[in-house]
Structure formats: structure tokens, C-alpha cells
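Let me begin by presenting the structure, written as C-alpha cells, before commenting on it.
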Amino acid sequence: MNNQKDVLDNGPFFHGTKAELKIGDLLEPQHLSNYQNKKSNYIYFTATLEAAKWGAELAASEAKERIYMVEPLGEFENDPNVTDKRFPGNPTRSYRSKSPLKIIAELGFWERHSEEQINHMVESIKMLHEQGKFVIYD
């Protein structure tokens, strides 16, 4: 449970991925990032289904896309990669934590973005990588 005095968001919270997890499992930092070739110092999550869908759809794997409802088990902060760089004010309600997230449910059905939208996002990310502009502050 988040014990911050000034709670950023009451959720519910989601994590999009291609990892197969069970209710009660913990998502923790120090696993290979989906977006860079290194271990991440944080675990990322969101309070919007839209952002969770992108997380699942863009995750680096050929496995099934999944969205889990999660409970932060410690303090969390705004994700500076989104909030400061792309969407001031954090309309995507994107967060990160160095504490685990507990899986409390899996969404059984959700509507994917179109293949055209996904391909466009993948190409945009690829172009940013090539230009050296895809930087994740972790």
C-alpha cells in the first residue's frame, strides 16, 4: 500500500507486458527493460488503460500481450520519461517505483490498438533510436 502523505494517484493501476504472471506475483525492478538493453532500476505502471495497452503491445517478446491490475507496495513517483518529456502534467498517469508491484488481477479482455497504430508507434520509436533521441531516464 502506498504510504505517501501526498498520494499522487489512487488508481486503479495497470501494468502492460507480455510476461505470464499469476495473482500474488510481484513485479520488481532490476529486470531487463522492454525498451533498452539493460536492467531497469524501476518498475513502471499507469492508472490509464490506454498507457497499459501500449506497454503490452510494445513489450519486447513474441508472447501474448497481457494487462495486469497491480498494487504498488511502496512509494512511487511520476515517470519523468513521460511527464517531463512528452506530456507535462502527467495526463497518462504514468508512474515508476523502486518497490514491487503486486499482481491483483489480469484483465481478461481489452481492445488492442490497430496494427496500423502499433506499426506507426514502432516506426516512431525506431526513428528516435536512430537519431539518438530515445533516451530513458532510469
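The values are calculated or read from the model by the stated rules, or taken from the named source; none is laboratory data. Values in this document were obtained by computation on a predicted structure and should not be read as measured data. Note that we place each Cβ from the backbone using ideal geometry, even for glycine, and neighbour counts take in every protein chain shown.
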- prompt: In the stretch 92-138, which residue that is assigned to a loop (DSSP other than H, G, I, E, B) and at pLDDT below 80 is farthest from the chain's Cα centre (by Cα)?
  reply: Gln131
Candidate set from the stretch 1-27 (those that are surrounded by 15 or more Cβ atoms within 10 Å (Cβ to Cβ) and assigned to a loop (DSSP other than H, G, I, E, B)); member that is modelled with the lowest pLDDT: Asn2
- prompt: Given the conditions (1) in contact (Cβ under 8 Å) with a residue 24 or more places away in the chain; (2) within 17 Å of Pro12 (Cβ to Cβ); (3) of a type outside the set (Phe, Trp, Tyr); (4) not in a strand (DSSP E or B), which single one is not true for Asn81?
  reply: (2)
